[in-house]
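Colleague: Have a look at this one before I ask anything.
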Amino acid sequence: MTEGVQTSPAFTKRVFSGIQPTGHLTLGNYLGALKRFAEVQEQDYETIFCIVDQHAITATLQDPAALARATRELTAGFIASGIDPEKSVLFNQSQVAEHAQLAWIFNCVARMGWMQRMTQWKDKAGKNSQNASLGLFAYPALMAADILVYHATHVPVGEDQKQHVELTRDIATKFNHDYGVDFFPIAEPVIEGAATRVMSLRDGSKKMSKSDPSDMSRINMTDDADTIASKIRKARTDPDALPSEAKGLEDRAEARNLVNIYAALSDQSVEDVLRDVGGKQFSEFKPMLSDLAVAKLSPISTEMARLMEHQDEIDTILRKGAEQARAIAAPILSRTYEIIGMVR
Ligand code: AQP
């Protein structure tokens with residue numbers, strides 16, 4: 001057996017998660033992912049975080065200069081949000097070939113029917129699925145490889161990625177069963193906090209997304225204080241005052257979204273927030289939310305801008321992270337090939 005690779009269920013508690021460099025980071029990425037990553041880094045886990053640039057080319061052609069810039073900006077976003085490259089492995093996916101190599105194996109494990117059921121595939125391919133890339137269809141197999149090439153056991157994500165982590169579990173289970181091994185862990189999605197699904201500021205039924213054509217639908221981590229305040233002032237709401245209990249938000253998607261954002265940014269429960277703001281009109285609540293968002297996000301965007309002036313340092317961090325990542329991934333891939341019968 002390849003040295004250093006566990007095949008028993010006693011896997012190291014290891015976190016893996018990634019973000020696509022597909023545009024400016026949003027408040028949704030921050031609350032659903034980055035803020036959580038910084039928290040788990042301080043807990044009892046090994047932590048591996050990845051800028052998934054190979055996923056970023058699945059939906060549309062990316063301008064090469066924009067992709068390179070977004071990769072560095074996202075790295076700066078990770079660091080400014082509290083990911084410490086001395087404590088966590090931080091790198092971009094394309095520097096570690098093992099992701100794509102294991103993804104090929106998983107393309108042969110996953111079934112067409114599994115992929116066709118993925119809601120992200122249906123949303124992103126839309127009505128014109130014949131014209132979507134094969135990469136977009138196979139996206140979840142690459143994501144499974146991202147996670148399993150490190151034998152990661154825990155995957156912190158926003159609500160929208162839960163289905164992909166479940167598919168990762170299916171792939172691991174089928175591989176283990178097909179080859180009669182207990183080799184890949186059955187990774188757990190970790191979906192916690194008040195803002196696991198931050199919604200668009202313009203439409204409470206749609207996820208806040210980097211690629212939404214309307215910039216007013218999202219708060220970007222690079223927005224300045226005036227822009228944040230203006231987007232929150234113009235956010236869609238209803239005419240009623242805020243309720244004092246969470247039950248009162250049930251049929252009020254936009255109001256619920258703003259309260260969830262407030263709760264997540266202030267590290268409080270929704271119930272605690274409503275105890276303070278219940279009865280207030282949005283004309284009073286929105287400025288409170290703007291002040292809080294600016295206070296929390298400005299230091300991060302200032303630090304991101306500072307880091308972006310030192311691109312060589314960012315590139316060095318990514319290269320070093322990739323070396324550390326390869327040291328974990330290479331023996332796991334090698335053992336995978338042995339299990340399959342691929343001569344080494
Ligand atoms: N609105 C959101 N609320 C909570 N979490 C979110 N995440 C994304 N949007 C929200 C979480 O951020 C992590 C990285 O996501 P991604 O960039 O890899 O892909 P995505 O989920 O498709 O994010 P976007 O912003 O919608 O990107 P585009 O527009 O490029 O598709 C994941 O953990 C995700 O759950």
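Colleague: Based on what the data block shows, is LEU289 surrounded by 13 or more Cβ atoms within 10 Å (Cβ to Cβ), touching a Leu at 6+ places or on another chain (Cβ under 8 Å), over 27 Å from PRO243 (Cβ atoms) and modelled with pLDDT of 95 or more?
Modeller: Values: surrounded by 13 or more Cβ atoms within 10 Å (Cβ to Cβ): yes; touching a Leu at 6+ places or on another chain (Cβ under 8 Å): yes; over 27 Å from PRO243 (Cβ atoms): no; modelled with pLDDT of 95 or more: yes.
In short, no.
Colleague: Could you please let me know if ALA33 is closer than 22 Å to SER298 by Cα, modelled with pLDDT under 95 and assigned by TED's automatic domain parsing to the domain that holds SER94? Please lay out each step first, then the result.
Modeller: Working: closer than 22 Å to SER298 by Cα: yes; modelled with pLDDT under 95: yes; assigned by TED's automatic domain parsing to the domain that holds SER94: yes.
Spelling it out, ALA33 is indeed closer than 22 Å to SER298 by Cα, modelled with pLDDT under 95 and assigned by TED's automatic domain parsing to the domain that holds SER94.
Colleague: Of a type outside the set (Asp, Glu), within 11 Å of the ligand (Cβ to nearest atom) and within 17 Å of PHE282 (Cα to Cα) - does that describe any residue in the range 222-242?
Modeller: Our first condition is that a residue be of a type outside the set (Asp, Glu); within the range 222-242, this holds for 222, 225, 227-237, 239, 241-242.
So of that shortlist, the ones also within 11 Å of the ligand (Cβ to nearest atom) come out as none.
Among the residues of the range 222-242, not one is of a type outside the set (Asp, Glu), within 11 Å of the ligand (Cβ to nearest atom) and within 17 Å of PHE282 (Cα to Cα), which makes the answer no.
Colleague: Among all residue pairs at least 6 apart or on different chains, which show Cβ distances below 8 Å where the first residue, located in the range 129-148, is assigned to a loop (DSSP other than H, G, I, E, B) and the second is surrounded by fewer than 22 Cβ atoms within 10 Å (Cβ to Cβ) and of a type in the set (D, E, K, R)?
Modeller: So the pair list comes out as ALA132/LYS124.
Colleague: So, one more: Would you check if ILE186 is in contact with a helix residue (DSSP H, G or I) (Cβ under 6 Å, 6 or more places away or on another chain), among the β-branched types (Val, Ile, Thr), part of a loop (DSSP other than H, G, I, E, B) and more than 11 Å from the ligand (Cβ to nearest atom)? Steps first, answer last, please.
Modeller: Values: in contact with a helix residue (DSSP H, G or I) (Cβ under 6 Å, 6 or more places away or on another chain): yes; among the β-branched types (Val, Ile, Thr): yes; part of a loop (DSSP other than H, G, I, E, B): yes; more than 11 Å from the ligand (Cβ to nearest atom): yes.
Taking the combined requirement at face value, the residue satisfies it.
Colleague: Where residues in the range 144-165 are at pLDDT 95 or above and among the aliphatic types (A, V, I, L, M), which of them is surrounded by the fewest Cβ atoms within 10 Å (Cβ to Cβ)?
Modeller: VAL165
Colleague: From the list ALA76, ALA56, exactly one residue is farther than 23 Å from HIS310 by Cα, within 16 Å of the chain's Cα centre (by Cα) and either modelled with pLDDT of 95 or more or within 10 Å of the ligand (Cβ to nearest atom) (or both). Which is it? Walk me through it before giving the result.
Modeller: Numbers: ALA76 fails: farther than 23 Å from HIS310 by Cα.
Exactly one residue qualifies, and that residue is ALA56.
Colleague: Is it the case that the range 229-243 has a residue that's in contact with a strand residue (DSSP E or B) (Cβ under 9 Å, 6 or more places away or on another chain), outside any loop (DSSP other than H, G, I, E, B) and without any contact (Cβ under 8 Å) to a residue 12 or more places away in the chain?
Modeller: No, the range 229-243 has no match at all.
The values are calculated or read from the model by the stated rules, or taken from the named source; none is laboratory data. Bear in mind the structure is a predicted one, so any value in this text is a computation, not a measurement. Using ideal geometry, Cβ is built from the backbone for each residue, glycine included, and neighbour counts are taken over all protein chains shown.
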